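Here's the structure we're looking at; comments come further down.
The values are calculated or read from the model by the stated rules, or taken from the named source; none is laboratory data. Remember, predicted model here, so these are calculated numbers, not experimental data. Cβ placement follows ideal geometry from the backbone for every residue including glycine, while neighbour counts extend to all protein chains displayed.
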Ligand SMILES: [K+]
Ligand SMILES: [K+]
């Protein structure tokens, strides 16, 4: 195994390790003690993939179909997948006292999306401590609500499960209606959304904030993520609030404060968290359509979130606006973007659209469901969001296999897959330029 | 008027002239002699816009609701819009014996999407002769079928109407089921598809082919368009044939040859032509989904077609593949693409996605129809295609206004609108580069 790993490129290793953990998870979930009434192989594979890719789409109900043992397996897969397999690899290396060479560091660098090699190990340690700390705090706060309600054991367990699931943007819940019972509960709303927003903005942003004292000193990436996250969340809150205001199946019966809470929750959850506090299938089509965009965009780089990432979307839009305004250099906050970065964002977006297109096409053939329901499911899987209009439970075998593939590509990113299979060849002779008519 | 036009930039003038002609068309269609039973203002506006932008979406049936006079108005708007208002402007200038200055040439250049100023007038003259010649040939061939069938006057009129409508990729038909009666008629299939393929590939390609003797000598643009058009049409034929093979409401009852003809027609028509020989609303959802992509892509630059254009789509995909393969220079046929070209293609695509997104969002609120039907209608309007799953006839006022706007933006292109409103400011001081994490 060691010898083979050395011959693999970092992207190939990442993919292999993910597949390895998913396989392991599948077999563990197939154990009789993991489920109440047994589980088919494909459902175990789907659940393991959904957990390991922190998606949260469920073919069978997490709370009733799985035993405590089964749920703990899911939780472990979530933590492993969310924190990143590589963090664990480093920890194992450290525990075993092995020397961490350049090759391993490169691998970790790839996994954590870091642009410089230095201090990667220190970073991983910080990351691990950071995650555990946040999750522990959240468990305490959530216990304040759930221990009085369900008793000590059940309350603490519910707090641990939802805390890990939320911080890792996994969206798994032990309740079949997700967090609908707490749609107007301020404590649950605040703790859960804070968890997945912090987990989903990317640890580089959090660490940068921790270090820096003024906005001016923050990195360009941090500035983009902070301002972008704030803007998109405020706009989305406004949109969902307006669109659902009179919908009797979602928020119409709540008080204004309750409406605001539920709208806020549903506005921030599509960018990967995947919990829901209102019934998704009952939302207005315009809300669902708007959420398609949010799910496709997703959270931040180096986070537990999926999607093309908010920074990618912003760069694409910024580059387009720059062209529309007939300017040459794409700039923001007194910094310019390199051509290579725009190309990367473009390639990522086009690759992602391609995966979603293919997935939707296959599901359109294999599933008997309205188009929006299918598109919603595909983008939810790609963005590792986990929201569903209700298709997951009635998927065909081909549908399940397709979504398993899409969740995996969505979590690891189209670039990882492309780089895993592409053979690097240097550019051939330089060719002369020629113009082509567009538009 | 003259004075004001001189102060307008070419994009502003283009938009103004289009709006002027649409207004004129609207009032002509409101004349009692244009319709059998009258027409509302909004329906006249919609029809005039649909004709002038060569879209072909119809709120009322062209063949029965309009008199011969009304149909001729529509036909004139199609020819004016399709050939490009600018061609006509040049002709008027020439007829009046006026000198054509740099300003006018620039305007024509903008309208015809030419990259060099020289010989624009000659080009316009050639373009006009070219169009009339092709259309005349087509009338002769179509008359061979329709004169025996309908008599001399009706047969020739039908031939003229469909010939102009097809060459300009307008998709208007005097029959309410479009060309469904001729789904397995080889003559009609061949003539009509040749018309809109030639009209839709762009005259630069046709003229380049006319001049050049070998593939090697063709411009990069021509090569891309020829190979691209061939590939996408063959793949689409294959797709529609397979997907619809067993659909009893479309092609299942035809012979294999008939199936191939109908599949071919439906494979080539979504990239802007907009005629249909089978019932769109009865097609498989997977076919319709696939056609969404074709409609969004559209035909060639400097053609009567709409959409982001095939070359734009190919550049976007090629640039992404280049990045995926970790190469630096985007190359094809021993030529490299300039960064500016890729930025242009990116901006065009993002702007187009934005328009389609907004349009779909508004229609989702204003119309009571399935999501796919709405998305199909919006992309059809944006690509000036004119295919519909049946929504056009039942649109609300807001729906009609939205689609009118989208057809106009689709025909003139998001870049024309952006450039019309953007004020050019030179780039400020050059800022240092900074990296941002993506994906
Ligand atoms: K999720
Ligand atoms: K059309």
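If a residue has to be out of contact with any strand residue (DSSP E or B) (no Cβ under 7 Å at 6 or more places or on another chain) and at the interface with chain B (Cβ under 7 Å from one of its Cβ atoms) to count, how many in the stretch A:312-334 make the cut?
14
Answer yes or no: is there a residue in the stretch A:294-311 that is free of Cβ contacts under 8 Å to residues at least 12 places away in the same chain and facing chain B (nearest Cβ under 9 Å).
No, that holds for no residue.
Which one of the conditions (1) under 22 Å from residue A:295 (Cβ atoms); (2) modelled with pLDDT under 90 does residue A:223 fail to meet, given that it meets all the rest?
(1)
For every residue, the table says whether it meets (1) within 16 Å of ligand 1 (Cβ to nearest atom); (2) closer than 12 Å to residue A:367 by Cβ.
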| residue | (1), (2) |
| --- | --- |
| A:383 | yes, no |
| A:386 | yes, no |
| A:390 | no, yes |
| A:395 | no, yes |
| A:398 | no, yes |
| A:403 | yes, yes |
| A:407 | yes, no |
| A:411 | yes, no |
| A:416 | no, no |
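Can you give me the ranges of the helices (runs of 4 or more DSSP H) entirely in the stretch B:1-115 with at least 2 residues that are modelled with pLDDT of 65 or more?
B:10-30, B:41-52, B:62-65, B:68-83, B:102-112
This table checks each residue for (1) more than 16 Å from ligand 2 (Cβ to nearest atom); (2) free of Cβ contacts under 8 Å to residues at least 12 places away in the same chain; (3) more than 14 Å from chain A (Cβ to nearest Cβ); (4) under 21 Å from residue B:178 (Cα atoms).
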| site | (1), (2), (3), (4) |
| --- | --- |
| B:11 | yes, no, no, no |
| B:17 | yes, no, yes, no |
| B:26 | yes, no, yes, no |
| B:30 | yes, no, yes, no |
| B:33 | yes, no, yes, no |
| B:47 | no, no, yes, yes |
| B:58 | no, no, yes, yes |
| B:61 | yes, no, yes, yes |
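Would you check if there is a residue in the stretch A:365-384 being at the interface with another protein chain (Cβ under 7 Å from one of its Cβ atoms) and surrounded by 24 or more Cβ atoms within 10 Å (Cβ to Cβ)?
The answer is no; no qualifying residue exists.
Give the stretch A:388-423 a look and list any residue that's modelled with pLDDT of 90 or more and part of a loop (DSSP other than H, G, I, E, B), or say none.
A:388, A:389, A:390, A:391, A:395, A:396
Results for (1) within 16 Å of ligand 1 (Cβ to nearest atom); (2) at pLDDT below 90; (3) surrounded by 20 or more Cβ atoms within 10 Å (Cβ to Cβ), shown as yes or no for each residue.
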{"position": "B:272", "(1), (2), (3)": "no, yes, yes"}
{"position": "B:296", "(1), (2), (3)": "no, no, yes"}
{"position": "B:302", "(1), (2), (3)": "no, yes, yes"}
{"position": "B:330", "(1), (2), (3)": "no, yes, yes"}
{"position": "B:334", "(1), (2), (3)": "no, yes, no"}
{"position": "B:360", "(1), (2), (3)": "no, no, yes"}
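Would you point out which residue out of A:142, A:127 is more than 15 Å from the chain's Cα centre (by Cα) and at pLDDT 90 or above?
Unique residue meeting the criteria: A:142.
Every residue in the stretch B:347-380 that is within 19 Å of the chain's Cα centre (by Cα) and over 29 Å from residue A:348 (Cβ atoms), please.
B:377
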